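What follows is one structure encoded as C-alpha cells, with my remarks underneath.
Only the coordinates and a few stated rules stand behind these numbers; no lab work does. Since the structure is predicted, the reported quantities are computational estimates derived from the model, not experimental observations. Here the Cβ positions follow ideal geometry from the backbone for every residue, glycine too, while neighbour counts run over all protein chains shown.
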Amino acid sequence: MKTVRVRFAPSPTGPLHIGGVRTALYNYLFARKNNGTMILRIEDTDQARFVEGAEKYIIESLLWCGIEFDESVTVGGPHAPYRQSERRELYKQYSDQLIVSGNAYYAFDTPDELEQHRKKAEAAKKIFTYNAESRKKLRNSLTLSKQEVEKLLSEDVPHVVRFLIPEHTEVVMHDIIRGKVVVQSESLDDKVLYKSDGMPTYHLANIVDDHLMEISHVIRGEEWLPSLPLHILLYQAFGWESPEFAHLPLLLKPDGNGKLSKRDGDRLGFPVFPIDWIDPVSGEKYSGYRESGYYPDAFVNMLALLGWNPGTEQEIFNMEELIDTFTLDRVGKSGSKFDPEKTKWFNHQYLIKKSDEAVAEEFNQVLKAKNIEIAHGKLVKIVSLVKERVQFVKDVWNETYFFFEAPQTYDEQVVKKRWNEQSPEQMKSLVNLLETIEPFESAFIDQAIKTWIEETQFGMGAIMNALRLLLVGAAKGPHLGDIMDIIGKEEAISRIKNGIERI
Ligand code: GLU
C-alpha cells in the first residue's frame, strides 16, 4: 500500500456530532494501523455557516477521545496552514487553471436571476439545475461573447466559477466499502467551485488540499457519496491521481428510522455530542458524553463498533486493540442503529474493570462536592460493595448515600409491609444484642444475629427487613452486616433507636 496519509476535515459550522467523531476515529485507527499520518484540516470556507467556538469544540472533543493528530491547526506540519481560510490565496490559481483548460467557466447570473429560474421551474413541477441543458441559456462565459466576458471581469461584476460537467460521460468510481459505483454525467450539475466572495467552495478547496497534502485515503461519511462523481471529475480535470475513497455508513436513530440527528439526543434522552455544547447564539445547551459521566475509552469503544465489526465475539477493545484489529473491509455498507442502552453497558464494563481504589478516587470528588469526608479505606470498601450495580460513578451516590447520612424519611410502602406491632420490641432487643458484639465487624455481626434469631424465633425475614428500613430508610442497599460494619456500632444503634421513635 502507498504511504498512508488521511485527514479528518470538519467544517466549524457547529458542534461535532458523534457521527463525525466516528469518522475521525476510523481515520485515526486506519492511520495508526498502517503507520500513516493523521491530519486535521479545518474546512472553513463557508463564511456564512461559520460558528464561533466550533473549531475549539472539535479539537477539545477529539482530545478527550484520545484521537491524536500528526499535522493540524494546533501542531502545525509540512503543509501548514491547516485552516482553509488561511489558504484562500492558493485556491484562485487552481480555479483559473480549470478555466484555461476548459473544465470550468465564469457564471454571471445573479442570485435573483437564479431564484427566478428556480421559481419558473417549480411552477412547471420541475427542478432547476445548472447543467448541460440550462447552461446554454444562462449568463456565463459559454454563452456571452469573449469581449463581454472580459468587460464584466474587468468591471469586477460579481461572478462565480462553475465546473463544466462533461456530457455523455460515465463516471466510474471505486469505493473501498461499496465497491464499484457508476453515475452518468447527465445526473450531475455544474457546481460552483469559486464564489463571488473570493473563497473556494468546499468541493474545490477539498480536492486541492487533499492533493497538496498528499492524502492517500479519504474516509468520510456517506453523505458525501453524492459528491464523489464531481470529485473524481475534478481530479481528472486537474490531471491528478485521486486518493482512494471509503464512505462510512450512516448512524441511525435507535428505532432505525432515519439518520441520527443533532436534535435526537436531548429529545430521546441520550447525548449525541461528545462533550457539552452551548449554542453561542441561542444559549441553548446540548449535552455531551463527557459531562454525562462516560469514560472516553468506553465511548470510543462503543463508537468503533457502530459500523465496524471485528469478525469475532469480542466487544471490549481499548484503543491499542482497536488499532491492531481495525480494517476498512470490516466496515458495513448499511446504517448502524444507535443503541443508548448498549452505550451505558459499555460504560459499566469499563467501570467494573477499574480497581475499587480507582473508582473510590473518582467518587471521592462527588463526596467532596457535598462536603463529605471519609477515610480512604472505608470509601474503598463502600465502593466495592456497589461497583457491580452502577453504570456511572455519579450513580454510586444513589447506592450508598445511607453510608454517609442517617435516613431522613422512611419509605412508606416498606413501612406498611415490613413494620408491625412486634417490630419496636424486637428492634429494642436487637439493640441490646448489638451492644455486646465485639469486634463490630460484618462476620461477627452476622453470626451473632443468626444465633439470636434462632434463640428468639423472631424469624430472619422479619428482623432483617425491619432493620434495613431503620438503617437505610428503604428496601435497598448491600448486605446489612457490611453496612453496620462500615457505619459503626454507635451509628447503627442510634439509627435503630431513632427509627423506633419516628415510625
Ligand atoms: N468539510 C466536510 C465536512 O464537514 C468534509 C467532507 C470530507 O471529508 O470530504 O464533513
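A Stokes-Einstein calculation at 25 °C with viscosity 0.890 mPa s, built on the Kirkwood radius of the range 357-503 over Cα pairs, returns a diffusion coefficient of 154 µm²/s.
Taking the three principal axes of the alpha carbon atoms in the range 276-375, the coordinate ranges are 52, 43, 22 Å, sorted in descending order.
Measuring from a point 7 Å past the Cα of Ser429 along Cα-to-C-beta, which residues in the range 459-503 have an amide N at less than 16 Å? Residues 459-467 qualify, since their backbone N sits under 16 Å from the label point. The largest-to-smallest principal axis extents of the Cα set in the range 429-484 are 26, 24, 16 Å. Residues Met213, Met1, Met464, arranged from fewest to most other Cβ atoms within 10 angstrom of their Cβ, appear as Met1, Met464, Met213.
Helix content alone sets the calculated 222 nm mean residue ellipticity of the chain: runs of n ≥ 4 DSSP H residues at -39500 (n - 2.57) each, divided across all residues, give -13500 deg cm²/dmol. One way to sum up the overall shape of the range 232-293 is the equivalent ellipsoid from its Cα gyration tensor, whose semi-axes run 35, 17, 11 Å, largest first.
Stretching Gln147 away from Lys337 to a fully extended chain increases their span by 62.7 nm, per 0.36 nm per residue minus the current alpha-carbon distance. Taking each residue as 0.36 nm, the span from Ile278 to Glu133 lengthens on full extension beyond its C-alpha to C-alpha distance by 47.6 nm.
For the range 289-366, lysine pairs separated by 8 or more sequence positions, or belonging to different chains, with Cα-Cα distances below 26 Å total 6.
Applying both filters, DSSP loop and at most 11 other Cβ atoms within 10 Å, to the trypsin sites (Lys or Arg not before Pro) of the range 237-327 gives Arg263. For the range 94-161 versus the range 411-426, the spacing of their alpha-carbon centroids is 85 Å. Using bins of 5 Å that start at zero, the share of Cα-Cα pairs per bin across the range 127-282 amounts to 2, 7, 13, 14, 15, 14, 13, 11, 7, 4, 1, 0, 0, in whole %. Report the local net charge at Leu251: Lys and Arg +1, Asp and Glu -1, summed over other residues whose C-beta lies under 9 Å from its C-beta. Local net charge: +4. Annotation: the range 1-107 has a Kirkwood hydrodynamic radius of 15.2 angstrom, from the mean reciprocal C-alpha pair distance. In this structure, Lys285 and Leu212 have a Cβ-Cβ separation that, at R0 = 56 Å, corresponds to a calculated FRET efficiency of about 0.90.
So for the chain: antiparallel DSSP bridges make up what percent, rounded to the nearest 5? Roughly 55 percent of the DSSP beta bridges within the chain come out antiparallel. Contact order, relative form, for the range 214-323: 16 percent (alpha carbon pairs under 8 Å, 6 or more residues apart, mean separation divided by residue count). Please state, as a whole number in µm²/s, the translational diffusion coefficient that the Stokes-Einstein equation yields for the chain at 10 °C and 1.306 mPa s, with Rh defined as the Kirkwood radius across alpha carbon pairs. Approximately 57 µm²/s, per Stokes-Einstein.
Compared with the alpha-carbon gap, the fully stretched path from Lys489 to Ser261 is longer by 76.6 nm at 0.36 nm per residue.
For a straight C-alpha distance cut-off of 18 angstrom, the aspartates and glutamates reachable from Lys146 (same-chain residues fewer than eight places away being disregarded) are Asp96, Asp109, Glu155, Asp156. Here the label points at Ser187 and Lys416, each 7 Å from Cα along the C-beta direction, are separated by 6.5 nm in the simple model. Computed from label points 7 Å out along Cα-Cβ, the spacing between Ala124 and Glu244 is 4.6 nm. Given in Å, the Rg to one decimal and the Dmax to the nearest whole number for the Cα atoms of the range 89-153 are 13.9, 42. A Förster distance of 60 Å, applied to the separation of the beta-carbon atoms of Gln97 and Ile316, puts the FRET efficiency at 0.75.
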